[in-house]
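Undergrad: Below is a structure I'd like to ask you about.
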Amino acid sequence: MKEVKVLGSGCRNCETTYKLIQQVADECGVTLALEKVQDIAAIMAYGVMSTPGVVVEGKVVHAGGVPDRKKVESWLS
Amino acid sequence: MFEILGDLVVFKLLGLSGESAAGQALHFFVADTAKIFALLVAIIYVMGLLRALLSPERVRTFVRGQPKWLARSTAIILGAVTPFCSCSSVPLFIGFVEAGIPLGVTFSFLIASPMINEVAVVLLASLIGWQLALLYVAAGLAVAYAGGAIMERFRPERWVEDYVWKIHMGEAALAEPDNSLRGRHAYAMTEVREILRRVWKWVVIGVGVGALFHGFVPLDWAKQLGDVWYSVPAAVLAGAPLYSNAIGVVPVAEAMLVKGVALGTTLAFMMSIATLSIPEMLILRKVIKWPALALFAGVLVVAFTLVGWGFNLLT
């Protein structure tokens with residue numbers, strides 16, 4: 001099971017990103033350990049300043065905006 | 001082209017008269033909305049291809065460790081070309097503080113970033129004229145430089161929330177951008193979609209307000225009001241609680257200038273709307289205390305007023 005974290009302190013884009021990843025995972029039949037990280041100190045600890053950011057298996061793969069669908073698919077495959 | 005579209009929709013299709021207020025307002029709305037969205041798509045796409053849009057992480061790397069005047073200049077210029085969402089201002093603030101960037105420089109960035117952005121500037125140049133665009137940029141850079149420098153005099157460090165100093169930031173290895181033409185195209189398309197999604201409502205509201213102004217405000221309204229000294233501070237104070245993205249302000253300014261509102265008053269109003277906003281202030285409250293926020297707002301109100309008076313005197 002892949003561990004995916006969405007970094008963001010509750011802004012709308014962060015919410016959109018979270019839902020998008022959930023949706024793509026459902027469609028591809030992948031089960032994820034999807035988690036929201038909302039604590040600002042925890043977000044900064046990943047070195048991310050522009051939210052939303054996405055962390056897959058402990059590695060930052062995206063920051064600063066809602067990722068596009070293709071990108072999300074590539075993380076989950 | 002967009003005028004023709006406006007003519008077609010409003011006068012032919014809806015049968016409104018070009019003389020009536022409603023006809024004029026609607027014509028402005030249709031022509032301007034079409035024009036602005038077409039321009040936006042083109043501008044953002046080209047900027048995306050050139051990768052001219054920077055991320056705050058990269059700005060931080062550029063600015064840290066520079067001597068203060070250089071740090072401030074770099075922060076302002078980079079702030080102008082960094083599309084910046086107010087929801088990022090808290091992590092951005094903490095990231096700058098953690099990198100040892102002086103608070104005054106951070107404030108300069110926070111002023112420059114929402115006020116000036118390259119998309120709004122190109123839009124301003126194509127709708128109103130490059131002279132005004134240039135004036136707006138020059139005035140904006142000056143306000144950002146001076147505003148941050150003045151804030152610094154008040155030792156704002158004492159108003160930063162304690163937890164901010166304790167945060168340690170990790171070094172993220174962000175993925176290398178794909179610089180092939182295909183990668184750039186994909187990136188540019190994402191940027192277009194992302195930025196339009198964020199600003200479309202400000203554009204529609206801005207054009208709507210501009211259209212009402214255009215159709216229903218009499219032509220010598222601004223003259224009747226007169227160029228009294230307090231028209232500038234009044235415009236700044238009226239703009240403060242209003243918020244719109246810098247892009248959405250452009251059609252409002254366009255309509256104001258057509259109706260004969262003085263240049264300085266229009267510029268001051270634009271800056272106030274784009275930069276001073278209550279939601280933005282409340283977000284910043286998470287990292288700085290009330291006195292710093294009040295100072296920030298106060299410095300900006302004074303600066304915008306001076307800019308407005310200055311330009312009204314010159315023209």
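The values are calculated or read from the model by the stated rules, or taken from the named source; none is laboratory data. A quick note: this is a predicted structure, and the numbers were derived from the prediction, not measured. Glycine gets a Cβ as well: all are built from the backbone with ideal geometry, and neighbour counts include every protein chain shown.
Undergrad: With the requirement that a residue be among the polar types (S, T, N, Q) and either touching a residue at least 60 places away in the same chain (Cβ under 8 Å) or under 19 Å from B:TYR243 (Cα atoms) (or both), what does region B:276-315 give you? Give the steps one after another, and end with the answer.
TA: So the first thing to find is which residues in region B:276-315 are among the polar types (S, T, N, Q), and the list is B:277, B:305, B:312, B:315.
If the condition is that a residue be among the polar types (S, T, N, Q) and either touching a residue at least 60 places away in the same chain (Cβ under 8 Å) or under 19 Å from B:TYR243 (Cα atoms) (or both), then B:SER277, B:THR305, B:ASN312 are the ones that fit.
Undergrad: Let me ask you something else. Consider A:GLN22 carefully, then state whether it is out of contact with any Lys or Arg (no Cβ under 6 Å at 6 or more places or on another chain), more than 14 Å from every other protein chain (Cβ to nearest Cβ) and either at pLDDT 90 or above or within 27 Å of B:TRP165 (Cβ to Cβ) (or both). Talk me through it step by step, then tell me what you get.
TA: Working: out of contact with any Lys or Arg (no Cβ under 6 Å at 6 or more places or on another chain): yes; more than 14 Å from every other protein chain (Cβ to nearest Cβ): yes; either at pLDDT 90 or above or within 27 Å of B:TRP165 (Cβ to Cβ) (or both): yes.
So A:GLN22 passes the test.
Undergrad: Right, next: Could you say which residue among A:VAL66, A:VAL72, A:VAL54 is buried (at least 18 other Cβ atoms within 10 Å of the Cβ) and either over 23 Å from B:LEU196 (Cβ atoms) or at the interface with chain B (Cβ under 7 Å from one of its Cβ atoms) (or both)?
TA: Numbers: A:VAL72 fails: either over 23 Å from B:LEU196 (Cβ atoms) or at the interface with chain B (Cβ under 7 Å from one of its Cβ atoms) (or both); A:VAL54 fails: either over 23 Å from B:LEU196 (Cβ atoms) or at the interface with chain B (Cβ under 7 Å from one of its Cβ atoms) (or both).
Only one candidate qualifies: A:VAL66.
Undergrad: Among the residues of region B:72-120, count how many are of a type in the set (D, E, K, R) and modelled with pLDDT of 85 or more. Step through it out loud before you land on a result.
TA: Narrowing region B:72-120 to residues of a type in the set (D, E, K, R): B:72, B:98, B:118.
Checking which are modelled with pLDDT of 85 or more leaves us with B:72, B:98.
Of the residues in region B:72-120, 2 are of a type in the set (D, E, K, R) and modelled with pLDDT of 85 or more.
Undergrad: Same structure, new question: For the list (1) surrounded by 13 or more Cβ atoms within 10 Å (Cβ to Cβ); (2) more than 20 Å from B:THR82 (Cα to Cα); (3) aliphatic (A, V, I, L, M), I need the number of the one condition that A:MET49 fails.
TA: (2)
Undergrad: Can you tell me which of (1) within 11 Å of chain B (Cβ to nearest Cβ); (2) surrounded by 15 or more Cβ atoms within 10 Å (Cβ to Cβ) is the one A:VAL4 doesn't meet?
TA: Single failed check for A:VAL4: (1).
Let's see how each residue does on (1) in contact with a Phe, Trp or Tyr (Cβ under 9 Å, 6 or more places away or on another chain); (2) under 28 Å from B:VAL307 (Cα atoms); (3) among the charged types (D, E, K, R):
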position	(1), (2), (3)
B:VAL41	no, no, no
B:ALA99	no, no, no
B:SER108	yes, yes, no
B:ALA112	yes, yes, no
B:VAL122	no, yes, no
B:GLY148	yes, yes, no
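This table checks each residue for (1) outside any helix (DSSP H, G or I); (2) among the aromatic types (Phe, Trp, Tyr); (3) in contact (Cβ under 8 Å) with a residue 24 or more places away in the chain; (4) over 20 Å from B:THR190 (Cα atoms).
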position: A:GLY10; (1), (2), (3), (4): yes, no, yes, yes
position: A:LYS19; (1), (2), (3), (4): no, no, no, no
position: A:GLU27; (1), (2), (3), (4): no, no, no, yes
position: A:ILE43; (1), (2), (3), (4): no, no, yes, yes
position: A:VAL48; (1), (2), (3), (4): yes, no, yes, no
position: A:THR51; (1), (2), (3), (4): yes, no, yes, no
position: A:HIS62; (1), (2), (3), (4): yes, no, no, no
position: A:LYS71; (1), (2), (3), (4): no, no, no, no
position: A:TRP75; (1), (2), (3), (4): no, yes, yes, no
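Undergrad: At least 3 residues that are within 14 Å of chain A (Cβ to nearest Cβ), in contact with a Ser or Thr (Cβ under 7 Å, 6 or more places away or on another chain) and under 28 Å from B:PHE109 (Cβ atoms) in each: list the helices (runs of 4 or more DSSP H) lying fully within region B:185-298 that qualify. Spell out how you get there, then give the answer.
TA: Numbers: elements: B:221-225, B:231-239, B:246-258, B:263-275, B:278-284.
Output list reads B:278-284.
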